[in-house]
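Enquirer: My questions will all concern the structure given below.
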Amino acid sequence: MVKNKKKNVQMGLASKLMIGVFVSLAATGLTYVCTKSKNNTLTREVDDLRVSYSRAESEYIHEENIWKAMSENPEILNRAILEKGLMMGFPEADQIVRIDATGKPLPGQPSLARYKKIASERLVVTH
C-alpha cells in the first residue's frame, strides 16, 4: 500500500515577482478608480455651486435694480409699500437724527432733544 505523501512545493523567484507586480497593478488600478470617482463627484458639486451662485447673483442684481428704481422715484416706493399693506411713510423732519462717521448724533438738531427724551423714557431701571 502506498502512503499519500504531501509534496513540499516552493515557489520560484519569478512566481513571487509576478504576484508582487499583479498586486501592485491591482492596488494602483483601485486607487485610480477611487480617485476618479471622487474627482467626478467634486466636479458635479462645484458645477452645482456655480449654478447656484449664478442664480443668486442674478437675483441680487435684479433686486438691487428694483430698490434703486424705488429710491430714485418716491412714488414707486409708496406704491410698493401700499401693495405690501404696510402703513408707513417718509419720516418727518423732527424724526430724523443725523449722525457723524463715529456714530454720534450731530449737535443742534431739533430731533436730537426728542431722541434723548424717547431714549430716557425707554430706559428701565431695575434695583
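Enquirer: Let's test the formula: R0 of 30 Å, r as the Cβ-Cβ distance of Ala101 and Glu72. What FRET efficiency results, to the nearest 0.05?
Expert: So, using R0 = 30 Å, E works out to roughly 0.75.
Enquirer: Which FRET efficiency value, to the nearest 0.05, do you get for Leu82 and His62 by plugging their Cβ-Cβ distance into 1/(1 + (r/R0)^6) with R0 = 25 Å?
Expert: Efficiency computed from Cβ-Cβ geometry: 0.70.
Enquirer: While we're looking at this one, here's another question. Do any chymotrypsin sites (Phe, Trp or Tyr not before Pro) in region 34-103 lie in a loop, going by DSSP, with at most 16 other beta-carbon atoms within 10 Å of their beta carbon, and if so which?
Expert: none
Enquirer: So, in Å, what gap is there between the alpha-carbon centers of region 75-101 and region 12-68?
Expert: So the two Cα centres are separated by 51 Å.
Enquirer: Can you list the equivalent-ellipsoid semi-axes of region 56-104, largest first and in whole Å, using the square root of 5 times each Cα gyration tensor eigenvalue?
Expert: Working from the Cα gyration tensor, I get semi-axes of 25, 19, 9 Å.
Computed from the coordinates by the stated procedures, all read-outs in this text should not be read as laboratory data. Just so it is clear, the structure is predicted and the values come from calculations on it, not from any experiment. Neighbour counts are summed over all protein chains in view; Cβ atoms, including those assigned to glycine, are modelled from backbone coordinates with ideal geometry.
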